[in-house]
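Visitor: Below you'll find the structure I mean.
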Amino acid sequence: MHTQVIRQGSEIAVLALVYYINARFGLLMALAPGYAAPIWPAAGMALAALLLFGNRVAPGIWLGSFLANVTVAFDASNTALLAQSLLVPAGIGIGATLQASAGAWLIRRFVGFPTPLDRTRDVIKFLGLGGPASCAVSASVGATTLLLLGVLPADHYVSTWWIWWIGDAIGVLVATPLILSWFGQPRALWRRRRTTVALPICLAFAVIVAVFMGARELFFSDPQRLLVWSTLAGGMALTGVLGAFLLVVSGHAMAFEQLLAQRTHDLERTRQAEQAALQLAAIVTSSDDAIIGKTLDGSIVSWNAGATRMYGYSASETLGRPISLLIPPELAGEMAAITERLRRGERIDHLETVRLRKDGCRIDISLTTSPIRDAEGRVTGISAIARDISERKRTEKALRDREARIRRLVDANIIGIFIGELGGRISEANEAFLKISGYSREEVLAERFRWTDMTPPQYEAADAHALEELRQSGRCTPYEKEYTRKDGSLITVLVACALFEGSHDEGVSFVLDLTERKLADERIHHMVGHDALTGLPNRTLLQDRMRQAIASAHRTGARVGVLFIDLDYFKNINDSLGHHVGDQVLKMTAMRLQQCLRVGDSVARLGGDEFVLILPLLGDSGDAARVARKALDSLAQPFNVELHQLHLGGSIGISIYPDDGVDVDSLMRAADTAMYHAKETGRDNVKFFTAALNQAVQRRLDIGKRLRQALARDEFTLHYQPQVEMDSGIIFSAEALLRWQPPGTQPISCGDFIANAEESGLIVSIGEWVLRQACQQLKIWRDGGHPQLKIAVNLSPRQLEQVNFCALVGQILDEAGIPASALELEITESMLMQRSEYNLAMLTRLSDMGIALSVDDFGTGYSSLAYLQRFPVHSLKIDQSFVRDIGKDQNDTALVTAIIAMAASLHLGVIAEGVETLQQAQFLMAQGCHAAQGFYYSKAVRADAFSELIANKFEDKNPLHG
């Protein structure tokens, strides 16, 4: 409001100043006694100001008029003159203000403002109402004021009023058009009148004023005053009439220009419309869309090139034909429904439907139809625009199919997947996640739970870290946590999350159920430390428990016992009855040993048939002996497996901490050494580790080292034991027996090094050397006069495993120059059981070569008649342990009798080993065994000594003559 007051005050002050300047200029032409001027520009300026700015600036007119007149008439010589010099300007100012207000009101009322004054009647009204009509106000008020205040004599009143009126009217006719040409509205129209109206008026006005001012003193004297005033007033009136004429002419000129411009504009619009029509026709023609015009009854009236490309019909083939030729039969009713809507004036946008091509193919289109109206607005036709969307439809179908596949992939995924927000809301979830969480799909859709509700408090920090990682990178590293399921149970899961592209809150989470993995980890952890067959701790866990027991004993000063158990005769069971029976025996053994333990004791299986017991917190070594005896008693009980009743035993070696060692390895070695000593001293026995046993172990290790060099150093030799026909005493064969004679030392028996050679694999090269030496020696004997002599060589299972063994035997026979029938290979019962199909094939090849095969130590294993029938065995060798007890042990005597009878029934030869007495030989002969070997005839001797034995018969050893 304050700003508005200041602005209005500024406008009034400016108007007062401008009016003052114009009034002072007019007063220069004023003449006594009334001082009326023949032209008063201020009157035109005042009218223009009120028209442009409104009545709010009217006080500026009064102020400017008052100041202009008071500066001329002011006289303060006495009070009367002072009052007169103030009242006269005030009255004249009131007249000037009322005149401008009256003129502005009349123009607005009867002409209108703003106005272009482009019509003659508007110009006449404007100049007439603003000039002669309204100017009577100022002349009347001004002349009357002068008369009443005694300034104007009464006889001059009429002439003064007349001059006053003429001056104001001419001022309006001249000044108002001039001002409007600069400030009138519309601005562009009035600006053009500056040269056609304002400039001529200014020139005429300047000429008249110059003439008046130059001739004022010469002509403005009383005799010529009336003539001069009349001439001046006429000139001024002529200038005003000129202005009016110019306004009228310029108005007509502008009207003509406007008409011309309108016509030009219309022509331009017509040209543009024609160009637009041509462009539209070109667009319609070249458009890829089909644009078709048709009547309401469906007849085609227009057909563009796009329609030809889309449908395959040319325009000549379709014009005049019904649109139904493009519509499939099942959509015949579609066009009627569309037409009905178009008749009502409706527009149909982007209707997706199907149409037929000329070749019969169907295409998907998007159809937009619009009604065509005539000049009266009636619907007379239909415009149809069709766009081929077949490719889009195929793409959409592919997207739907892909989405369906992804949906199926998500739904069928074994990994739980849900879509949710960082705040905990879950919007979608697959079946795997529902199974993990325990919630139903309905509960997910109803938002009855949040993923944050499933997180136990101890995992909130892990979730917070994952959320921070999500906000920073859009994904989080998979991390393990637990979920609380609906039923309250906890489930271990692996969680990974990723935000959707462009989203800061919503994403997808993948949840993997780790229950099975946890169980698998536990199983693996158990398997790492436990034997898979028996479930007992294995070597790894055993060593850990031993270390714990040793550490505890070290702290408390107690003792620890280590019992090393090896099953007796288990290998025979495994080889003869198969591994499945052996596995059952091992399981039963594990159960029996566990029943022997005390609180705090442990049992483990090292592998094969070896078990270890750990006995911590021993009082003395007697505790270990008692537990060992309890274990042996348990193992002595029969093992009933399938249809077999099996008898086993065990050999146990014991070592004591800290007496026999202070760490795991030393205690295990000591117990193992004691166990082997128990086996060597008759099996089913318990032995404690001693210093002497340690020396035996060191001796075995030393033998193992020296054995590797013995063959290269030619330290082996062969001794031969004769095999005799007991009824004739003739030596028919020799069994080659290996001896080791290191230089400078005592001979080493086979029992001390054969097992070592078997374990190390050296038995293969040693066995080849034995076979080669024995064949070469047989060749010497045969060439020396004993062509019927044969040689028997023991065959190791490791040798039979060689793929080229048969070829090697054939090569050795060829090199020695002896027939295959002269060679007999002795095999063990276990070889009939191990890899039976492979062994059968190898032994069959040897038999086919002519080599005789005999089963050594028969009766100690578990071979069955079925195996003897399958394998190409030629003879059986009764084990010396049975022969030794003939006549002493009824069981062994009966067993020997049974073996001889079985061999006879299978048409197999039989030979008894270890015959040492005449009674044994007589019994064997009586039962039908006619071949034997043993100390009764001769021990194994060197080759030269054996040559002497061949030359002599053992007739004195004939059991029948004994």
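Visitor: Pull out the extension gain between His350 and Asp885, defined as 0.36 nm times the separation in residues minus the alpha carbon to alpha carbon distance; nm, one decimal. It would help to have the intermediate numbers written out before the result.
Guide: Values: separation 535, 0.36 × 535 = 192.60 nm, distance 11.17 nm.
The span from His350 to Asp885 would gain 181.4 nm if fully extended.
Visitor: Which far-off residues, 5 or more places away or on another chain, put their amide H under 5 Å from the one on Ser733, with H placed in the peptide plane?
Guide: Those lying under 5 Å, H to H, from Ser733 are Gln723, Lys790.
Visitor: Dipole of the chain (Lys/Arg Cβ +1, Asp/Glu Cβ -1, origin at the Cα centre): which of Trp451, Phe74, Gln584 lies farthest to the positive side?
Guide: In the chain, that residue is Phe74.
Visitor: What are the lysines whose alpha-carbon lies under 16 Å from the alpha-carbon of Lys518, with same-chain residues fewer than 8 places away excluded?
Guide: Those lysines meeting the cut-off are Lys481.
Visitor: What is the calculated FRET efficiency for Asp374 to Ala305, with r their C-beta to C-beta distance and R₀ = 22 Å, to the nearest 0.05?
Guide: Numbers: r = 27 Å, r/R0 = 1.23.
For R0 = 22 Å, the calculated efficiency reads 0.25.
Visitor: Show me, for region 73-86, the HN-Hα J-couplings you get by feeding each phi into the Karplus relation (A = 6.51, B = -1.76, C = 1.60, θ = phi - 60°), rounded to Hz, glycine and proline as x.
Guide: So the Karplus estimates, Gly and Pro as x, are 9, 5, 8, 10, 5, 8, 5, 5, 5, 5, 5, 5, 6, 9 Hz.
Visitor: Continuing with this model, one more query. Using the Cα centre of the chain as origin and beta-carbon charges of +1 (Lys, Arg) and -1 (Asp, Glu), tell me which of Pro371, Leu906, Ala932 is placed farthest towards the positive end of the dipole.
Guide: So the residue furthest toward the plus end is Pro371.
Visitor: Here's another thing I want to ask about it. Assigning unit charges at the beta carbon (Lys, Arg +1; Asp, Glu -1) and nothing else, what dipole magnitude in debye, to the nearest 20, does the chain show about its Cα centre? Don't skip to the answer; put the middle values down first.
Guide: Numbers: 93 positive and 104 negative charges, 1275 e Å.
Roughly 6120 debye, rounded to the nearest 20.
Visitor: Taking the Cα centre of the chain as the origin and placing charges on Cβ (Lys, Arg +1; Asp, Glu -1), which of Phe954, Ala83, Gln920 is farthest toward the positive end of the dipole?
Guide: Checking the options against the dipole of the chain, the answer is Ala83.
Visitor: Quick one: 3J(HN,Hα) in Hz for region 807-813, Karplus 6.51/-1.76/1.60 with θ = phi - 60°, rounded, Gly and Pro as x.
Guide: Whole-Hz 3J(HN,Hα) from phi for region 807-813: 5, 5, 4, x, 5, 5, 4.
Visitor: Calculated from the structure, Rg/Rh (Cα atoms, Kirkwood Rh) equals which of (1) 1.07; (2) 1.55; (3) 0.98?
Guide: Only one listed value fits the structure, namely (2).
Visitor: Between Gln741 and Gln802, how high is the FRET efficiency from 1/(1 + (r/R0)^6) when r is the Cβ-Cβ distance and R₀ = 41 Å? Nearest 0.05.
Guide: On the way: r = 27 Å, r/R0 = 0.67.
It comes to 0.90.
Visitor: Moving to a separate point now. Got a sec? How would Ser324, Ser905, Ser634 order by Cβ neighbour count within 10 Å, fewest to most? Don't skip to the end; give the middle numbers.
Guide: Numbers: Ser324 13, Ser905 9, Ser634 17.
Exposure proxy ranking, most exposed first: Ser905, Ser324, Ser634.
Visitor: Calculate the spin-label point distance for Leu17 paired with Asp684, positioning each point 7 Å from the Cα along the beta-carbon direction, and give it in nanometres.
Guide: Going by the 7 Å Cα→Cβ label model, 14.5 nm.
Visitor: Further, regarding this structure: Spin-label point model (7 Å from Cα, Cβ direction): what's the Ser324 to Lys435 distance in nm?
Guide: Taking the two extended label points, one gets 5.8 nm.
Visitor: Name the residues whose placed amide hydrogens come within less than 5 Å of the amide hydrogen of Glu506, ignoring near sequence neighbours (fewer than 5 apart) on the same chain.
Guide: Phe500
Visitor: Would you mind checking Lys790/Lys877; Lys294/Lys358; Lys679/Lys705; Lys779/Lys877; Lys294/Lys397; Lys435/Lys486 for any pair whose Cα atoms are more than 21 angstrom apart? Display every interim value, and only then the final one.
Guide: Values: Lys790/Lys877 16 Å; Lys294/Lys358 19 Å; Lys679/Lys705 23 Å; Lys779/Lys877 25 Å; Lys294/Lys397 33 Å; Lys435/Lys486 10 Å.
Table pairs above 21 Å Cα-Cα are Lys679/Lys705; Lys779/Lys877; Lys294/Lys397.
Visitor: For region 731-839, with only Lys/Arg (+1) and Asp/Glu (-1) charged at the beta-carbon, what is the dipole magnitude about the Cα centre, in debye rounded to 20?
Guide: So the dipole magnitude of region 731-839 works out to roughly 280 debye.
Visitor: Pulled fully out, how much extra length does the chain show between Arg555 and Ser473, if you take 0.36 nm times their separation in residues and subtract their Cα-Cα distance?
Guide: On the way: separation 82, 0.36 × 82 = 29.52 nm, distance 5.51 nm.
This chain segment gains 24.0 nm when fully extended.
Visitor: If you average the C-alpha positions of region 410-456 and of region 784-801 separately, how far apart do those two centres end up, in angstrom?
Guide: Using only Cα atoms to place each centre, the spacing works out to 79 Å.
Visitor: Treat each spin label as a single point 7 Å out from the Cα along the C-beta direction, and report the Ile6 to Asp702 distance in nm.
Guide: Roughly 12.7 nm, to one decimal.
Visitor: Further question: Would you kindly derive the ³J(HN,Hα) couplings of region 953-958 from the backbone phi angles with the Karplus curve 6.51 cos²θ - 1.76 cosθ + 1.60 (θ = phi - 60°), listing them in order in whole Hz, with x for Gly and Pro?
Guide: In residue order, the calculated couplings are 8, 8, 5, 6, 9, 5 Hz.
Bear in mind that the values in this text are calculations on the coordinates, not laboratory data. Worth saying up front: this structure is predicted, and the values here are computed from it rather than measured. In this analysis, Cβ positions are derived from the backbone assuming ideal geometry, glycine residues included, and neighbour counts consider all displayed protein chains.
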